[in-house]
Amino acid sequence: MKKVLQYLFEYKTLSRAKAREMLVNISKGIYNESEVTAFITVYLMRTITIEELQGFADALMELCVSVPLENYQVIDIVGTGGDGKNTFNISTLACFIVAGAGQKVAKHGNYGATSVSGASNVMEQLGYRFKSDSAQLQKEVEEAGICFMHAPLFHPALKAVGAIRKNLGVRTFFNMLGPMVNPANPAYQLVGVYNLEMARIYNYLLQQKGRAFTIIHSLDGYDEISLTNDTKVITQAGEQVFTPEQLGKRMVSASDIYGGNSVEEAAKLFMTILAGEGTWAQNAVVLANAAMALHCTGKYNNYNDAYLAAIESLESKKALNALKKLQTIQE
């Protein structure tokens, strides 16, 4: 590790193969905590290259516990996190609305490293028990329309660096990796990124995979459709900028989408919104993200049709019922 660190400290970059090797070694516990922290810190000081990110993703997918869900044509809705905005769990709520609309979901998530409540925090608080058994996850997708995969159970490297990431409390390259390493290899992906540079990198990487994708970035820094500003939307077909009014019928303020000060508060807010009792602004933001995910699948004529399907899922309680069903499968 010392040779590699010295190499990186000289502003050099790793090849795809070397990046893969480093992350494989980290997941095997070959390096001590100080060495791994120093390695992670390098990428806080400079931009990660596409080759390095590909190598790290290669290692995670090579070592991961795979979940064969190809027959279900699932979607994942995920933000890179690390935008520092501490919103409520918009992507996870959107997943349940999408599931309620009939599109199967395989949600890949983790504890919040830079926010109060990540997807795993809120799911755990709601009584969901993390698992990596493929048969159980398939049953969840079959019966509830959605399964949840807690990333460290599937990726040894993420488990190995979990404490370090939490102690650092800042965005690291692992935030960038999350959307690239869903163990179910989803057919569709809605990916939220926190800056335009990451949008460019993801556009390149997802084009290589050849799957249907939509990348979203709120121009004021959110890694989701926040409706606090215009949103850049990138797909295989190109890129466009949409206004809050186009995507969510209205503009909202940052305070409208604040996520609270604790996991308990976040979970309470989650259930309030899923029960259809959220504020106009909260509902609008969740519906916009769910609609963009549904539109990504190509199963709707246009975005507005997808938005109407999202509204129906929330108002009819189908989204809430997807969560309730998921909770009963646990028992």
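Some observations on this one:
- Exclusive hit being of a type outside the set (Val, Ile, Thr), modelled with pLDDT of 90 or more and within 16 Å of the chain's Cα centre (by Cα), set 18, 107, 85: 107
- Single condition residue 132 does not satisfy, out of (1) buried (at least 23 other Cβ atoms within 10 Å of the Cβ); (2) assigned by TED's automatic domain parsing to the domain that holds residue 313; (3) over 17 Å from the mean Cα position of the chain (by Cα): (1)
- When residue 155 is tested against (1) out of contact with any Phe, Trp or Tyr (no Cβ under 6 Å at 6 or more places or on another chain); (2) surrounded by fewer than 19 Cβ atoms within 10 Å (Cβ to Cβ); (3) in contact (Cβ under 8 Å) with a residue 40 or more places away in the chain, only condition (2) is not met.
- Wholly enclosed helices (runs of 4 or more DSSP H) of the stretch 112-194 bearing at least 2 residues modelled with pLDDT of 90 or more and over 27 Å from residue 26 (Cβ atoms): 119-125, 134-144
- Condition met for residue 58 (in contact (Cβ under 8 Å) with a residue 12 or more places away in the chain, acidic (Asp, Glu), closer than 28 Å to residue 228 by Cα and buried (at least 19 other Cβ atoms within 10 Å of the Cβ)): no
- Cβ pairs under 8 Å, 6+ apart, first in the stretch 175-190 and closer than 19 Å to residue 296 by Cα, second surrounded by fewer than 22 Cβ atoms within 10 Å (Cβ to Cβ) and of a type in the set (D, E, K, R): 185/70; 186/211; 187/70; 187/211; 188/211; 189/211
- Number of the exception - residue 208 against (1) in contact with a Phe, Trp or Tyr (Cβ under 8 Å, 6 or more places away or on another chain); (2) surrounded by fewer than 16 Cβ atoms within 10 Å (Cβ to Cβ): (1)
- Residue satisfying condition, being of a type in the set (Gly, Ala, Ser), under 20 Å from residue 179 (Cα atoms) and either touching a residue at least 40 places away in the same chain (Cβ under 8 Å) or in contact with a Lys or Arg (Cβ under 7 Å, 6 or more places away or on another chain) (or both), within set 132, 120: 132
- Among the residues of the stretch 1-12, those that are among the charged types (D, E, K, R) and not in a loop (DSSP other than H, G, I, E, B) comprise 2, 3.
- For the stretch 31-41, a tally of residues being in a helix (DSSP H, G or I) and either in the same structural domain as residue 191 (by TED's automatic domain parsing) or surrounded by fewer than 19 Cβ atoms within 10 Å (Cβ to Cβ) (or both) returns 7.
- Filtered by the rule that a residue be over 14 Å from residue 79 (Cβ atoms), touching a strand residue (DSSP E or B) at 6+ places or on another chain (Cβ under 7 Å) and of a type in the set (A, V, I, L, M, F, W, C), the stretch 112-137 gives 123, 130, 137.
- Test set (1) touching a strand residue (DSSP E or B) at 6+ places or on another chain (Cβ under 7 Å); (2) closer than 21 Å to residue 152 by Cα - residue 172 fails condition number: (1)
- Counted residues, the stretch 13-23 - those being assigned to a helix (DSSP H, G or I) and either free of Cβ contacts under 8 Å to residues at least 40 places away in the same chain or in the same structural domain as residue 178 (by TED's automatic domain parsing) (or both): 4
The values are calculated or read from the model by the stated rules, or taken from the named source; none is laboratory data. Remember, it's a predicted structure, so these values are computed and weren't measured experimentally. No Cβ is skipped: glycine too gets one built from the backbone with ideal geometry, and neighbour counts run over all protein chains shown.
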